[in-house]
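Q: A single structure is presented below for examination.
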């Protein structure tokens, strides 16, 4: 059987998932339905907003389903009526019970933004950078009831550079994942898939991100804070406090330096040098409330009188 003969349901929600859906559409595969999370309030007006996957599906005339849950019999019966051969899941955001996993004839596959079993869970991209991993990638796996525990079909690997941010690595993996998913679908269609069981002892849980994760604690080593700043760019953005107002930090680099944690050691156009628990961190791109992200040189020119060595930045709140 050819991949184009398979009846495929796609389930996903954010931009990362939309990149995969676009690739399946471009490949000419038979997508019989698209599942995405229900529309959510967004923006200052809290108007209901469609997910990136839903928008793309509607643009291509694909039927969209948005159940609140897949745990009830009605949702499961509705999906079963579509008679899928394969369910492709990418950052969908809803738990798939065993009854749903059993619906597709050839099972369910998932594109996960980690070299499993290294990072299982919601935020593998950011956690890999934060931890100082040397590489990341995408794993296409067969799904089972456990969280990202299923047998692995394919991996695509990329190094993590010292300049990578959560955003840049996300975008690169969003390009690497779709070809791997298509190759896995072709394997399933031909009967040539060779699943590899994960080693659970090597697994780490990538906790979901929240704004509290991005609070800068100047007692930590500078090298750790620099990785955190890159990992949480563009969201949730590392932050501290300056003159009793939040200071978002978009970019920084570790340097030599000693002082009380949070102490301003030097100020010039190269950046704001802050003492940390070990070493110092030079903030090179920051954002003040109501303003745009700026190279520190631009902020220094405009507000030179506000930045004085000897002052102390507080931890984030």
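The values are calculated or read from the model by the stated rules, or taken from the named source; none is laboratory data. Everything numeric in this text was worked out from a predicted model, so none of it was measured. Because the Cβ atoms are built from the backbone with ideal geometry, glycine has one as well, and the counts that use them run over all protein chains shown.
Q: Would you mind telling me which numbered condition in (1) under 21 Å from residue 17 (Cα atoms); (2) over 16 Å from the mean Cα position of the chain (by Cα) residue 171 fails?
A: (2)
Q: Consider residue 127 carefully, then state whether it is assigned to a helix (DSSP H, G or I) and over 15 Å from residue 184 (Cβ atoms).
A: On the way: assigned to a helix (DSSP H, G or I): yes; over 15 Å from residue 184 (Cβ atoms): yes.
So residue 127 fits the description; yes.
Q: I'd like to know if segment 155-162 contains one or more residues that are at negative phi, in contact (Cβ under 8 Å) with a residue 40 or more places away in the chain and either in a helix (DSSP H, G or I) or not assigned by TED's automatic domain parsing to the domain that holds residue 116 (or both).
A: no
Q: Could you grab me the full set of residues in segment 247-264 that are more than 21 Å from residue 215 (Cβ to Cβ) and either over 30 Å from the mean Cα position of the chain (by Cα) or outside the structural domain of residue 237 (by TED's automatic domain parsing) (or both)?
A: From segment 247-264, those more than 21 Å from residue 215 (Cβ to Cβ) are 255-258; that's our starting set.
Selection gives 256, 257, 258.
Q: To continue, here is another question. For residues in segment 254-271 being touching a helix residue (DSSP H, G or I) at 6+ places or on another chain (Cβ under 6 Å) and outside any loop (DSSP other than H, G, I, E, B), which is farthest from residue 220 (Cα to Cα)?
A: The extreme case among them is 271.
Q: Right, something else. Run down 148, 133 and say which single residue is out of contact with any strand residue (DSSP E or B) (no Cβ under 7 Å at 6 or more places or on another chain) and assigned by TED's automatic domain parsing to the domain that holds residue 102. First the steps, then the outcome.
A: Numbers: 148 fails: out of contact with any strand residue (DSSP E or B) (no Cβ under 7 Å at 6 or more places or on another chain).
Every option except 133 fails the conditions.
Q: Could you grab me the full set of residues in segment 188-213 that are buried (at least 16 other Cβ atoms within 10 Å of the Cβ) and free of Cβ contacts under 8 Å to residues at least 24 places away in the same chain?
A: 213
Q: Would you check if there is a residue in segment 295-305 being assigned to a loop (DSSP other than H, G, I, E, B), in contact (Cβ under 8 Å) with a residue 24 or more places away in the chain and touching a strand residue (DSSP E or B) at 6+ places or on another chain (Cβ under 8 Å)?
A: Keep residues of segment 295-305 that are assigned to a loop (DSSP other than H, G, I, E, B), which gives 303.
Cutting the leftovers down to in contact (Cβ under 8 Å) with a residue 24 or more places away in the chain gives us none.
No, the conditions are met nowhere in segment 295-305.
Q: So, one more: Tell me the residue from 216, 185 that is touching a strand residue (DSSP E or B) at 6+ places or on another chain (Cβ under 8 Å), assigned by TED's automatic domain parsing to the domain that holds residue 27 and either more than 22 Å from residue 265 (Cα to Cα) or surrounded by 15 or more Cβ atoms within 10 Å (Cβ to Cβ) (or both), please.
A: Working: 216 fails: assigned by TED's automatic domain parsing to the domain that holds residue 27.
After ruling out the rest, the residue left standing is 185.
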